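J.: What follows is a structure written as structure tokens; I'll ask about it next.
The values are calculated or read from the model by the stated rules, or taken from the named source; none is laboratory data. No experiment lies behind these values; they were computed from the predicted model shown. With ideal geometry, Cβ positions are generated from the backbone for all residues, glycine too; neighbour counts draw on all protein chains shown. Just so you know, the surface numbers come from the protein's heavy atoms only, side chains and all, with ligands and any DNA or RNA stripped out. Shrake-Rupley method; radii C 1.70, N 1.55, O 1.52, S 1.80 Å.
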Amino acid sequence: MDDLLPGMLHLIRDGSETLMRQLTDQLRLLITGGRLAPGQRLPSSRQLAQALDLSRNTVSFAIEQLAAEGYVSLSTGRRPQVAEGLSLDGGKAASKGGRPPAERLLLSSWARGLQRANWPPVYNVRPRPFQPGLADEREFPHELWSRCLRRAARNALSRRDRAINHPPLQEALLSHLAVHRGVKAKPCQILIVPTAQAGLAMIANALLQRGDHAWIESPGYGGAHVALRAAGAVVSAIPLDEHGITLRAHKHAPRLIFVTPSHQYPTARMMPIGRRLELIRYADTVGASVIEDDYDGEFHYEARPVAALQGLAPSGRTFYLGTFSKSTYADIRLGYVVVPEPLVATFELAQRHMGLLTPLTTQDALAEFIASGAYLAHLRRMTRLYKVRRDRMLQALATEAGDRLTVEVPAGGMQLLARCRTSVNDQHLAARLREAGVISRPLSSLFFHKTREQGLFLGFAAWNDEEIDQAARILGRIVR
């Protein structure tokens with residue numbers, strides 16, 4: 001080994017790391033990799049220094065560092081010896097095919113099913129028309145938001161309250177939701193979470209036992225499907241009619257029902273007041289809780305929106321879920337959950353246990369942004385702009401692909417659904433569009449029950465007139 005060890009070391013003389021660091025790291029790897037066996041004697045510092053053409057001090061410092069870390073043992077008058085039990089190899093032969101040990105780890109059934117979930121969509125390119133779910137970050141008042149952030153950062157050291165849910169934000173947000181969404185709650189009922197998806201996962205974990213039944217809309221939001229399945233629920237896909245989720249008798253009563261009543265995802269249909277009251281009565285009858293996801297409910301174009309389910313439900317079974325990433329822009333990744341008052345303490349503990357905490361500085365900045373009126377002003381301006389873009393999108397699609405697509409006109413929101421008139425594979429169609437630079441989501445990927453319906457889910461909010469027209473021409477060419 002005295003002759004072989006220098007050949008196992010490869011030192012770079014003009015590298016950025018010192019020779020002592022390189023020698024220490026390489027000897028450590030030889031020990032943990034099993035190439036230097038436990039109990040094996042190393043050359044003396046003089047011998048190793050001569051063989052490697054190093055100073056003896058460099059070698060001595062490296063050996064002493066390894067001894068301090070417990071990799072080798074030193075005794076007076078004897079050469080360094082590799083300590084026992086340090087090999088990570090363990091003498092086991094590599095698995096067939098040379099796979100690394102990590103691939104032999106057993107995954108949970110949830111992890112094994114992640115690839116089949118088809119959610120979330122990953123684009124790996126810069127945003128392009130008609131990617132759904134995006135606000136136009138170019139229209140956001142960045143300078144005003146920057147001032148709010150700077151003031152919040154300066155106030156951080158003097159801030160007395162360190163609650164995980166910042167009271168000024170809870171109060172400001174509730175004032176807005178009470179007036180514009182009909183939410184009835186106390187400020188303490190609003191929990192601020194990193195994303196709406198995180199809030200959804202927290203609710204599912206807090207309410208569901210493994211094997212409980214949960215309902216989702218079909219077509220519907222894939223994030224709800226994966227969150228409920230991850231919590232151990234048996235998820236049933238409930239078809240829609242013209243008023244939203246249907247409430248016919250089913251074999252198993254649900255413990256949890258997920259709905260998007262303001263703008264159904266992805267059809268954009270608004271659930272009328274009659275169906276909302278029917279859903280509330282049904283949930284009370286079977287003892288189910290309701291998650292109301294109001295993901296883009298701030299944007300209504302034709303009439304004043306119907307009050308949130310949460311404000312209509314006297315029994316307190318409804319959880320109201322919202323996000324700022326749609327109403328502001330994608331980088332402000334904060335969501336919120338309005339929980340029933342008796343459950344506030346439990347859900348705050350759940351929030352801590354799951355690590356669903358957000359920076360207080362961001363919360364403080366957002367509180368000022370809302371309380372100053374800047375948030376409402378931005379929403380009103382975006383509502384006017386997005387309505388114009390919706391109409392532009394409808395016109396462009398009618399011109400370029402009106403004979404191939406039937407478009408449902410959304411009364412609000414940030415995206416629309418275009419159904420294929422002819423027999424076509426929307427997965428292949430979406431792939432061809434993507435190759436041409438246009439992003440869409442195939443409708444078939446949003447169904448959780450068997451159907452032959454095909455179409456494209458298209459966003460319009462983030463794109464100006466020129467971008468909409470150009471992308472519509474590409475779409476029209478490809479669908480024809």
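J.: May I ask you to list the residues in the range 5-51 that are polar (S, T, N, Q) and in a loop (DSSP other than H, G, I, E, B)? Give the steps one after another, and end with the answer.
T.: Kept after step one, since they are polar (S, T, N, Q), are these residues of the range 5-51: 16, 18, 22, 24, 26, 32, 40, 44-45, 47, 50.
Hits for the range 5-51 are SER16, THR18, GLN40, SER44.
J.: Suppose we filter the range 184-198 for residues that are open to solvent by less than 30 Å² (accessible area, probe 1.4 Å) and within 20 Å of ILE332 (Cβ to Cβ); how many remain?
T.: 6
J.: Hey, among the residues in the range 41-64 that are of a type outside the set (D, E, K, R) and without any contact (Cβ under 8 Å) to a residue 12 or more places away in the chain, which one's surrounded by the fewest Cβ atoms within 10 Å (Cβ to Cβ)?
T.: It comes out as ASN57.
J.: Follow-up. Could you grab me the full set of residues in the range 113-169 that are among the basic types (Lys, Arg) and either on the phi > 0 side of the Ramachandran plot or modelled with pLDDT of 90 or more (or both)?
T.: ARG128, ARG138, ARG147, ARG150, ARG151, ARG154 - these are the residues of the range 113-169 that are among the basic types (Lys, Arg) and either on the phi > 0 side of the Ramachandran plot or modelled with pLDDT of 90 or more (or both).
J.: State which residue pairs qualify: first residue of a type in the set (S, T, N, Q) and inside the range 65-80, second residue part of a loop (DSSP other than H, G, I, E, B) and surrounded by 14 or more Cβ atoms within 10 Å (Cβ to Cβ) in any location, beta carbons under 9 Å apart, and separation of 6 or more residues or different chains.
T.: GLN65/TYR71; SER73/PRO80; SER73/ALA83
J.: Here is a list of conditions, (1) in contact with a Phe, Trp or Tyr (Cβ under 8 Å, 6 or more places away or on another chain); (2) assigned to a helix (DSSP H, G or I); (3) crowded, with 20+ Cβ neighbours inside 10 Å, and GLN170 meets all of them except one; can you say which number that is?
T.: (1)
J.: Looking at the range 247-265, is at least one residue in contact with a helix residue (DSSP H, G or I) (Cβ under 8 Å, 6 or more places away or on another chain) and free of Cβ contacts under 8 Å to residues at least 40 places away in the same chain?
T.: yes
J.: Any residue in the range 366-379 that is surrounded by fewer than 22 Cβ atoms within 10 Å (Cβ to Cβ), more than 28 Å from GLU143 (Cα to Cα) and not acidic (Asp, Glu)?
T.: Checking the range 366-379: not a single residue is surrounded by fewer than 22 Cβ atoms within 10 Å (Cβ to Cβ), more than 28 Å from GLU143 (Cα to Cα) and not acidic (Asp, Glu).
J.: Could you check the range 198-243 and list, in sequence order, the residues that are assigned to a strand (DSSP E or B) and either within 17 Å of ALA117 (Cα to Cα) or hydrophobic (A, V, I, L, M, F, W, C) (or both)? Give the steps one after another, and end with the answer.
T.: Initial filter on the range 198-243 (assigned to a strand (DSSP E or B)): 213-218, 234-241.
Scanning the range 198-243 gives ALA214, TRP215, ILE216, GLU217, SER218, VAL234, VAL235, SER236, ALA237, ILE238, LEU240.
J.: What residue, of VAL306, VAL290, is at pLDDT below 95, more than 26 Å from GLN454 (Cα to Cα), of a type in the set (Val, Ile, Thr) and open to solvent by less than 40 Å² (accessible area, probe 1.4 Å)?
T.: On the way: VAL290 fails: at pLDDT below 95.
Only one candidate qualifies: VAL306.
J.: Are there any helices (runs of 4 or more DSSP H) wholly within the range 288-384 with 2 or more residues that are touching a His at 6+ places or on another chain (Cβ under 9 Å), and if so which?
T.: Once the helices (runs of 4 or more DSSP H) in the range 288-384 are filtered for at least 2 residues that are touching a His at 6+ places or on another chain (Cβ under 9 Å), what remains is 360-371.
J.: Related question: Identify, please: which residue in the range 445-475 is crowded, with 19+ Cβ neighbours inside 10 Å, out of contact with any strand residue (DSSP E or B) (no Cβ under 8 Å at 6 or more places or on another chain) and of a type in the set (Gly, Ala, Ser) and is, among those, nearest to GLU139 (Cα to Cα)?
T.: Result: ALA462.
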